[in-house]
Amino acid sequence: MNPNKALWEKGDFTKIAQTMRESGEAFVASLGITKDLTVLDLGCGDGTTAIPEAKLGASVLGVDIARNLVEAGSRRAKAEGLTNCSFQEGDATALRELRDKSFDLVVTVFGAMFAPNPFEVAKEMVRVTKPGGRIVMGNWIPGDPTLVAQILKISSAYTLPPPEGFISPMLWGVEDHVTERFVKAGVTKGNISFLKDTFIFNAPYSPAELVNLFKNYYGPTMNAFEAAEKNGKTLELQHELEALFNSQNKSADKNATYITATFLRVTVMV
């Protein structure tokens, strides 16, 4: 079993994704998508950005390594009546089923960053993009004080050290690393640009309930709780995450959650 596939099929990221829909739509609205574009949404989950892209008239293919998320995305597209949006399983490190120079736009928001072999990921994204096309990534930033970077930092303190040779997905949030990867894939350094952007987790329930969703449905956090349980530290991890979520919640209603998270937005002109 592919470990990355196992990680993202372990839970049910759709539960978290429901809190991210508004930001997904806002992100897509900023991309200048028109009806004549072909779009690859890589690491698409259940379509948080793929569905809005299709609603703007683009021809969209969502690719994700997790079968359960591909199936969920297909159900969402069907429910929306979108015949221009399809989903299929695939690995961002080896998009063998996709032809060279197939897409005007490749979008990956907190998706491809989690695939291993980042140089292969960059190479594959460049390969399937048409000359003159774009790649747009949204990547979490290591050490950032906002929510997701801190969730991953806290979780890692409770799990075993990664295997030798492991490359942290968070390095996709470091400009120099991103530049090196795309330059090696054949992109001119001047065609790579960066800006800090914000994603919002918006939920009609308390921060503690959102913590429980991460605990029960988000692969990395699920692994952290399993490791914490073996060491008798489950309550310690729970309290640490609840303190984080409560401290970052901007909602005036204690029974609602509104948390902003900073990420690195990468644009590559191919």
Among Leu235, Leu95, Leu244, which one moves the most in a GNM of the chain with springs linking Cα atoms closer than 10 Å? Leu235
At the level of C-alpha centres, the distance separating the range 1-48 and the range 131-210, in angstrom, is 15
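Before anything else, pin down the relative contact order of the range 1-136: Cα pairs under 8 Å, at least 6 apart, normalised by residue count, whole percent. Provide the component values of the computation, followed by the final result.
Values: 249 pairs, mean separation 32.6, N = 136.
Once normalised by length, the contact order is 24 percent.
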Working note, the chain: Cα radius of gyration (Å, one decimal) and Dmax (Å, whole number) are 18.0, 55
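After finding the eigenvalues of the alpha carbon gyration tensor for the range 140-270, what semi-axes result from the square roots of 5 times each, listed largest first in whole Å? Mind showing how you got there, number by number?
Working: eigenvalues 189, 86, 18 Å².
In descending order, the three semi-axes are 31, 21, 10 Å.
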In whole percent, the fraction of accessible protein surface over the chain that belongs to carbon or sulfur atoms, probe radius 1.4 Å, stands at 51
Of Glu242, Glu164, Glu209, the one that fluctuates the most in a GNM where the chain has Cα springs shorter than 10 Å: Glu164
Please give the per residue accessible area of the chain, computed with a probe of 1.4 Å over protein heavy atoms only, in Å². 46
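Remind me, relative contact order of the range 155-270 in percent, using alpha carbon pairs under 8 angstrom and six or more residues apart?
Details: 128 pairs, mean separation 48.6, N = 116.
Answer for the range 155-270 is 42 percent.
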The range 109-123-the range 62-86 distance, computed between alpha-carbon centres (Å): 21
What's the whole-number percent of alpha carbon pairs in the range 1-80 lying beyond 19 angstrom? 34
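When each pair of different Cα atoms in the range 43-152 is counted once in the 1/r mean, what is the Kirkwood radius in angstroms, to one decimal? Mind dumping the intermediate values first?
Numbers: mean 1/r = 0.0688 Å⁻¹.
The Cα-based Kirkwood calculation yields 14.5 Å.
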With everything on Cα atoms, drop me the angle between helix 118-128 and the longest principal axis of the chain, reported from 0 to 90° to the nearest 10. 40
Taking the chain as a Gaussian network, Cα atoms linked when under 10 Å apart, which of Pro163, Pro131, Pro204 shows the biggest mean-square fluctuation? Pro163
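Dividing the alpha-carbon Rg of the range 93-180 by 2.2 N^0.38 Å yields what? Walk me through the numbers on the way to the answer.
Values: Rg = 14.6 Å, N = 88, 2.2 N^0.38 = 12.1 Å.
So the range 93-180 has a normalised radius of gyration of 1.21.
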Please report the relative contact order for the chain, taking Cα pairs under 8 Å with a sequence separation of at least 6, and give it as a percent rounded to a whole number. 21
Just the Cα atoms of the range 210-268, one point each, no solvent: what log10 I(q)/I(0) does Debye give at q = 0.20 Å⁻¹? -0.83
Taking N as its residue count, the alpha carbon Rg of the range 140-204 over 2.2 N^0.38 Å: 1.38
Quick one: Karplus J couplings for the range 28-38, per residue in order, coefficients 6.51, -1.76, 1.60, θ = phi - 60°, nearest Hz, x for Gly and Pro? 4, 4, 8, 8, x, 6, 10, 5, 8, 7, 9
Give the long-range amide H neighbours of Thr159: residues separated by 5 or more places, or on another chain, with amide H under 5 Å away, using H modelled in the peptide plane at 1.01 Å from N. none
Could you tell me what a quarter of the Cα convex hull surface of the range 179-224 works out to, in nm² with one decimal place? 5.6
Added length on full extension, which subtracts the Cα-Cα distance from 0.36 nm per residue, Glu164 to Ala94: 23.0 nm
Percent breakdown of C-alpha pair distances by 10 Å bin, ordered from the shortest bin, for the range 1-40: 22, 32, 32, 14
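The values are calculated or read from the model by the stated rules, or taken from the named source; none is laboratory data. Keep in mind that what you see is a predicted model, and the values were worked out from it rather than measured. SASA here: full protein model, heavy atoms, side chains in, ligands and nucleic acids out. Shrake-Rupley method; radii C 1.70, N 1.55, O 1.52, S 1.80 Å.
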